[in-house]
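Written out below as structure tokens is the structure these notes cover.
The values are calculated or read from the model by the stated rules, or taken from the named source; none is laboratory data. No experiment lies behind these values; they were computed from the predicted model shown. With ideal geometry, Cβ positions are generated from the backbone for all residues, glycine too; neighbour counts draw on all protein chains shown.
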Amino acid sequence: MATLNGGLSTNGLKAHHDHFTTRAIHVGSEPDPVTGAVVPSLGVATTFKQDGVNKHRGYEYARSANPTRTQLEALVTSLETSPYFASGEDSHVDVSGAASFVFGSGSAATAAMCVWAGLQANEGGGGGKDGVNGGGGHVLAVNDVYGGSARYLARTSKSTGLEVTFLDMEKAGEEGIRKALRPDTRLIWLEAPTNPQLLVPPLPTIAKIVDALPIETRPLVIVDTTFLSAFYFTPLIPSGPGVLPLGDVTLSSLTKYGSGHSDIIMGSLTVSQHTARTRPNVLKGLQFLQNSLGATASPRDCHLMIRSLKTLSVRMIRHGTNALRIAAWLRDQPEIEQVRYPGLTTDGAFHMVEALLSPNARRELEFFGWKFPFEPSTDTSNSIDSLAGIRTLGIPFGGMVSFKLKGASAAQIDTFVTSLRLITLAESLGGVESLIEVPAGMTHKELGEETRLALGITDNLVRFSVGIEDVEDLIQDLRIGFAAIRQ
Ligand SMILES: *Cc1c(COP(=O)(O)O)cnc(C)c1O
């Protein structure tokens, strides 16, 4: 764990007073006080010399903490929790206390969170069934959840006695969600947007229900923000003074947009300042589990992740504008039956996007001419070929698009995805290169046909992780795919 004010030299850089893009480059990367090196040193030591029995300098053994991971955790905390306020307004903002825990994968972060639910209270855990002794307990999860999380929640967690209810929260509404909560509900598990349907669960409604419960025993709201990254979505940042954040903990598979180059597996949990202050047991419990489960990330990978995160902002803007252009183009093609991209004005979730958009993304988009409250630009061309044109189509909101090919059989879908030249058929997402996959036959195969169809995951649904290539080349590639099916 590294808290933001936790002993990290900032060389006069005020971690909370700079904008997101600046912090992405500087927090955790302060010039080395000894050599002046402008990038952080890679610390690979597994153990640290002590000056006397139990007299150490903050590091004993690299699993419990190591300097490179501490630097990365400080950076992740800054990106997930520090607000942007217009200049002059920021001097009173204090976000100290928030903390991040980095794990060897997003799945390890998921496992740690679920183990926390059933961990006994005196270790900082959720207390399980009776809230004290540990064991059991309940999780209320959104139904359209990432395949690996569904597997952990539904199958692996049985070994700890955790019980799980999957709920279509949008459909259930306030009353339905309230009814699904139990006295032993320790976690509410959300993803925004969900995978692969890109639906947005009603976070404000859930926050309202939870905020009315007694603070010590209420379930923690976990938001898996992997599909948007901290650039677009920061539910730990309150929307204004006196407002509570939408979530307690964000979970991110940094494997995806965090890495951005498809070369690191890693995950993180970040606890909001509000939760850290009102329920310090959560930090204690997660720190205990990060060390005791041992599912850590290597310092070498942490070092590479620090480098990757420096460009998160520039990559995410391009992912977003490319995805918005592609979604708008797909919508107009006769081969397409349904397109989902929450940022497209015609998408069912568009009404929620503006409220969820991070203050940082909003500011960056304003630079490119977007106006908030959202007003389509007055350009009437509706063209995807100019910035003014795409401003009429919606708001960039991540790089994930899903679509259904009208009447296509599984064999035709196979032809489509294998005839593409640039867009690679592969699982995962978030890299600079475009990837495409077919959930029914790949990432969501394990769900079984009945569950899949109930979630709308038909054989002709395709999930597209739009990369940052030139969008014209990507569209040309999709044209090649459509032509291949027609043959
Ligand atoms: C990939 C992913 C995970 C799991 O992360 P790994 O790093 O692959 O273990 C969790 N949630 C979502 C939404 C993901 O896309």
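None of LEU356, LEU420, LEU405 is assigned by TED's automatic domain parsing to the domain that holds GLY467 and under 27 Å from the mean Cα position of the chain (by Cα) except LEU356.
Among the conditions (1) within 22 Å of ILE384 (Cα to Cα); (2) of a type in the set (Asp, Glu); (3) in the same structural domain as PRO67 (by TED's automatic domain parsing), the only one that ASP263 does not satisfy is (1).
Scanning the range 203-224 for residues that are more than 14 Å from the ligand (Cβ to nearest atom) and touching an Asp or Glu at 6+ places or on another chain (Cβ under 7 Å) yields THR205, ILE209, LEU220, VAL221.
Within the set LEU393, LEU422, the sole residue that is among the hydrophobic types (A, V, I, L, M, F, W, C) and surrounded by fewer than 17 Cβ atoms within 10 Å (Cβ to Cβ) turns out to be LEU422. Would you confirm whether or not the range 105-127 contains a residue that is touching an Asp or Glu at 6+ places or on another chain (Cβ under 8 Å), at pLDDT 95 or above, under 24 Å from ALA230 (Cβ atoms) and not in a helix (DSSP H, G or I)? No; the residues of the range 105-127 include none that is touching an Asp or Glu at 6+ places or on another chain (Cβ under 8 Å), at pLDDT 95 or above, under 24 Å from ALA230 (Cβ atoms) and not in a helix (DSSP H, G or I). The selection criterion, being away from the ligand (no atom under 16 Å from the Cβ), at pLDDT 95 or above and in contact with a His (Cβ under 8 Å, 6 or more places away or on another chain), does not hold for ARG178. When restricted to residues that are within 16 Å of the ligand (Cβ to nearest atom), aliphatic (A, V, I, L, M) and surrounded by 22 or more Cβ atoms within 10 Å (Cβ to Cβ), the range 112-140 contains 3. Of all the listed residues (GLU433, GLU446), the sole one being among the acidic types (Asp, Glu) and at pLDDT below 95 is GLU446.
The residue pairs whose first member lies in the range 286-300 and is on the phi < 0 side of the Ramachandran plot, whose second member is surrounded by fewer than 18 Cβ atoms within 10 Å (Cβ to Cβ) and assigned to a helix (DSSP H, G or I), and whose beta carbons are closer than 6 Å, counting only pairs six or more residues apart or on different chains, are PHE288/GLU123. Evaluate the following for GLU469: is it within 16 Å of the ligand (Cβ to nearest atom) and touching a residue at least 12 places away in the same chain (Cβ under 8 Å)? It is false that GLU469 is within 16 Å of the ligand (Cβ to nearest atom) and touching a residue at least 12 places away in the same chain (Cβ under 8 Å).
Residue-by-condition table, conditions (1) part of a strand (DSSP E or B); (2) within 25 Å of ILE457 (Cβ to Cβ); (3) in the same structural domain as THR110 (by TED's automatic domain parsing); (4) in contact with a Pro (Cβ under 9 Å, 6 or more places away or on another chain):
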{"position": "GLY148", "(1), (2), (3), (4)": "no, yes, yes, no"}
{"position": "GLY176", "(1), (2), (3), (4)": "no, yes, yes, no"}
{"position": "PRO204", "(1), (2), (3), (4)": "no, no, yes, no"}
{"position": "ILE209", "(1), (2), (3), (4)": "no, no, yes, no"}
{"position": "THR217", "(1), (2), (3), (4)": "no, no, yes, yes"}
{"position": "ILE222", "(1), (2), (3), (4)": "yes, yes, yes, no"}
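Taken together, the criteria place PHE227 among residues that are within 10 Å of the ligand (Cβ to nearest atom), within 24 Å of LYS208 (Cβ to Cβ) and assigned by TED's automatic domain parsing to the domain that holds GLY106. Residue check: GLY148 meets all listed conditions (1) in contact with a helix residue (DSSP H, G or I) (Cβ under 9 Å, 6 or more places away or on another chain); (2) closer than 30 Å to LEU312 by Cα; (3) touching a residue at least 60 places away in the same chain (Cβ under 8 Å) but one, namely (3).
One residue stands out among those in the range 369-399 that are within 13 Å of GLU354 (Cβ to Cβ) and in contact (Cβ under 8 Å) with a residue 60 or more places away in the chain: the one that is nearest to the chain's Cα centre (by Cα), which is PHE397. Residues in the range 40-74 that are surrounded by fewer than 16 Cβ atoms within 10 Å (Cβ to Cβ) and outside any loop (DSSP other than H, G, I, E, B): THR47, GLY52, LYS55, TYR61.
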